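*Asks:* Quick one: the structure is below, and I'll ask about it shortly.
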Amino acid sequence: MKRPNSTGNTMQRHYYVIHSLLINSMRLTNDDKSSIKLLRQEKGWGAKRICKEFPNKKWSVSSVKDLLRKIDALYFAIVT
């Protein structure tokens, strides 16, 4: 995809940015979520560490952080 020039339409520029973000990060599958949950609970890893250990997965740190928040909230809701 060719990057629009600065005089181009604003919508085209926004599309380019969104398209780039979607291409560069992968969706978390159920297997991925299970693996991340295990790493969080067994080893206490954070989002940056998980993404660093699995660079070929191309997970975004924010996606993993969101999942870890859900995992932690569920865990603490069960424990308390």
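*Asks:* Given the options SER20, SER60, name the one that is surrounded by 10 or more Cβ atoms within 10 Å (Cβ to Cβ) and modelled with pLDDT under 75.
*Replies:* When all the criteria are applied, what remains is SER20.
*Asks:* Scan (1) at pLDDT below 95; (2) surrounded by 12 or more Cβ atoms within 10 Å (Cβ to Cβ) for the single condition ALA73 breaks and write down its number.
*Replies:* In the conditions (1) at pLDDT below 95; (2) surrounded by 12 or more Cβ atoms within 10 Å (Cβ to Cβ), ALA73 misses (2) alone.
*Asks:* Further, regarding this structure: Out of all the residues in region 48-57, which are free of Cβ contacts under 8 Å to residues at least 12 places away in the same chain and either open to solvent by 100 Å² or more (accessible area, probe 1.4 Å) or hydrophobic (A, V, I, L, M, F, W, C) (or both)?
*Replies:* ARG49, LYS52, PHE54, ASN56
The values are calculated or read from the model by the stated rules, or taken from the named source; none is laboratory data. These figures come from a predicted structure and were not determined experimentally. All Cβ positions, glycine included, derive from the backbone under ideal geometry; neighbour counts span all protein chains shown. The protein model used for the area step is the full one, side chains on, heavy atoms only, and it has no ligands, DNA or RNA in it. Shrake-Rupley method; radii C 1.70, N 1.55, O 1.52, S 1.80 Å.
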